[in-house]
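One structure below.
The values are calculated or read from the model by the stated rules, or taken from the named source; none is laboratory data. The structure presented is a predicted model; accordingly, all values stated were derived computationally and were not measured. No Cβ is skipped: glycine too gets one built from the backbone with ideal geometry, and neighbour counts run over all protein chains shown.
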């Protein structure tokens, strides 16, 4: 049985903050009463089924829907001809993805047509009657094939910027490369010439599916004047903006409600199934529900696979001199968030070290596979395991302990991480030492066992734009309106704790509902570990406005001018021995008919531009340690224990912090040991079922997982908080790989399957 061992380093005298209060959404979820998009029924609702391409790359010559249209229960069949009155392309970074395939298909599983019928079975039966005549084209289903001289070109014409790409001017097309990102600092040529140690390796990182429990699902209604969506999306306000543009409606005519969301991990970031469902609803003139199967969601989005060449130069004593990195990320048939992932990976390539020089060239490449998008800790996980592998290689070559190696080269608090960006706001050396100590670093070695550490940084926080409203009614109850999406991470709980702490009311008296773009204030997105820090700060400021109104009225009631003479205690405001409840204050302010106090809070970029270069909001620490054991006869690797550091500034809810780190650790173990989407040369995904795609189960987990919560109250969020949840995922694979190398088996390809490890052992023993 896996034990999660929390270690906290700091606490404050708060009333609600710092308490592991239970989640209000636990009872409805445990009882089955919680409603997800797939559970909802809308009056007049039809069911949708999607016809998907059987080819990775082909021209669409004809589509015959006549048989489907006459099937029982069928109301509408959507094809490319139904999109002639709009610009049917969408995309967050690059506007390149059509609602359904137009002139050609670019991956197996691409939507070609869709059917709306009275029942799901009727829609499925009719969908199977659609006849499509394809002309197959050459396929580039891998990075190597897409970058070849004779590769088929997947997209032509000028690159069009997407709805919120934030990437500056897009470059001219270069074959199948849709975006490039580079960094050049110092003189890497000089570093190479003067180095005593040069580590030069090539690495491959596999495509991975986000695998949330709830697949992509959406209910769409389009009456010609308004679009109404119930959707499993992480970024409802960004989706709203894209849908308004796509269907040529004012933004206020698009309303998106997010019920409970069954996990996202980045896979439900930005626009996914919403355009297809809306176009089908528009044609049917009735609401339509589409719920993906697992295999359909696997070709809707995934994590980028990557090829990388990295060269690290150092002195004989282990002092880092320079690093050169070339990256190629496979974004699939459409860009999705690939360009931003590429840039983030490029930024992560140097790692959190003091470099005299480094050079990074990162490229985002189209292939005939399912589109790649965001995945928890995107970009950072790819590069941390590679960069940290080379740090350990330098340490071995120099004869230096890996901890001493990092102590020698890691950045210190206040030092510059990225030119012009926020300085380092964490003690990385202290954090990695804590993780190493937790697994027993330095104890006597055991045969076929190894220990490893890893340390990195994630530019967390995304755009710092969030708004919130807090209302206190005449009974003293509090409602929080905030656009952050609850997807299992506990955001509703945290927002309630923040408001309760500011207002000194019981946690149970605060209610937080889900996101609805018609009523909840604007929130940029839910992702990048930003909700607690950015949206939470907006909630705190809104609650403080309510508190100001309470104190103003209380001063009038007690006939005092100095608010400092008042004390908030047990849901009341006290003046000496006198007290008045929050409800009585509101009743006095508005009269016996009642009323409510309303506070609004906002967070916006300090510089005003909202660009990524102003950030990050904070640097998320990615620190882990691991111990592994390898069976050299079979290649089986077992993770014995892990330790991760959650450097959160202030832990608003320690149990949620622990669970976030635990989930990220398990995902990290999956990334390192098991998970891999396997494509054939013809672009066919070979393991698109729960039986064939391996994710960790209980037997794959270590006996001990330690989460070290570090609280220095140094975050920019409410009460000195910083976000968490992604750092462990980025750090754990690197720590496992380094632990395996410490056991004598260095690896440059993930996942660490028994076959791969065994083959490497055979080569080492030759």
Among the residues listed as 62, 119, 70, the single one being surrounded by fewer than 18 Cβ atoms within 10 Å (Cβ to Cβ), free of Cβ contacts under 8 Å to residues at least 24 places away in the same chain and over 30 Å from residue 491 (Cα atoms): 70
Of all residues in the range 470-485, count the ones that are crowded, with 24+ Cβ neighbours inside 10 Å, assigned to a loop (DSSP other than H, G, I, E, B) and touching a strand residue (DSSP E or B) at 6+ places or on another chain (Cβ under 8 Å). 2
Tell me, which strands (runs of 3 or more DSSP E) lie completely within the range 531-612 with 2 or more residues that are modelled with pLDDT of 90 or more, surrounded by 20 or more Cβ atoms within 10 Å (Cβ to Cβ) and in contact with a helix residue (DSSP H, G or I) (Cβ under 8 Å, 6 or more places away or on another chain)? 597-603
By residue number, the members of the range 303-324 that are closer than 30 Å to residue 675 by Cβ and surrounded by 24 or more Cβ atoms within 10 Å (Cβ to Cβ) are 303, 304, 305, 306, 312, 323
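Go through the range 696-728 residue by residue and tally those that are crowded, with 16+ Cβ neighbours inside 10 Å and under 18 Å from residue 211 (Cα atoms).
6
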Quick one: which strands (runs of 3 or more DSSP E) sit completely within the range 102-213 and have at least 3 residues that are in contact with a helix residue (DSSP H, G or I) (Cβ under 9 Å, 6 or more places away or on another chain)? 111-117, 177-185, 197-205
So for the range 681-689 (the condition being under 30 Å from residue 352 (Cβ atoms) and surrounded by 23 or more Cβ atoms within 10 Å (Cβ to Cβ)), does at least one residue qualify? no
Exactly one condition in (1) within 27 Å of residue 623 (Cα to Cα); (2) crowded, with 23+ Cβ neighbours inside 10 Å is not met by residue 442; state its number. (2)
Specify the residue that is surrounded by the most Cβ atoms within 10 Å (Cβ to Cβ); the eligible residues are those in the range 238-275 that are touching a residue at least 40 places away in the same chain (Cβ under 8 Å), assigned to a helix (DSSP H, G or I) and touching a strand residue (DSSP E or B) at 6+ places or on another chain (Cβ under 6 Å). 274
Of all residues in the range 165-211 being without any contact (Cβ under 8 Å) to a residue 24 or more places away in the chain and surrounded by fewer than 15 Cβ atoms within 10 Å (Cβ to Cβ), which is nearest to the chain's Cα centre (by Cα)? 168
Test residue 652 against the criterion of being crowded, with 19+ Cβ neighbours inside 10 Å, within 23 Å of the chain's Cα centre (by Cα) and part of a helix (DSSP H, G or I), and give yes or no. no
Are any of the residues in the range 505-513 modelled with pLDDT under 95, outside any helix (DSSP H, G or I) and surrounded by fewer than 20 Cβ atoms within 10 Å (Cβ to Cβ)? yes
Give me the pairs: first residue in the range 32-58 and farther than 20 Å from residue 283 by Cβ, second residue at pLDDT below 95 and loosely packed, with under 14 Cβ neighbours inside 10 Å, beta-carbon distance under 7 Å, and six or more apart or on different chains, which are they? 34/28
Does residue 725 satisfy being in contact with a helix residue (DSSP H, G or I) (Cβ under 9 Å, 6 or more places away or on another chain), in a helix (DSSP H, G or I) and either modelled with pLDDT of 95 or more or closer than 18 Å to residue 382 by Cα (or both)? no
Would you confirm, using the coordinates I've provided, whether residue 459 is in contact (Cβ under 8 Å) with a residue 40 or more places away in the chain, in contact with a helix residue (DSSP H, G or I) (Cβ under 9 Å, 6 or more places away or on another chain) and not in a loop (DSSP other than H, G, I, E, B)? yes
Scanning the range 223-236 for residues that are out of contact with any helix residue (DSSP H, G or I) (no Cβ under 7 Å at 6 or more places or on another chain) and surrounded by fewer than 24 Cβ atoms within 10 Å (Cβ to Cβ), which turns out farthest from residue 85 (Cα to Cα)? 228
Please go through (1) out of contact with any helix residue (DSSP H, G or I) (no Cβ under 8 Å at 6 or more places or on another chain); (2) assigned to a helix (DSSP H, G or I) for residue 683 and return the number of the only condition it doesn't satisfy. (2)
Residue among 202, 136 that is over 29 Å from residue 389 (Cβ atoms), at pLDDT 95 or above and touching a strand residue (DSSP E or B) at 6+ places or on another chain (Cβ under 6 Å): 136
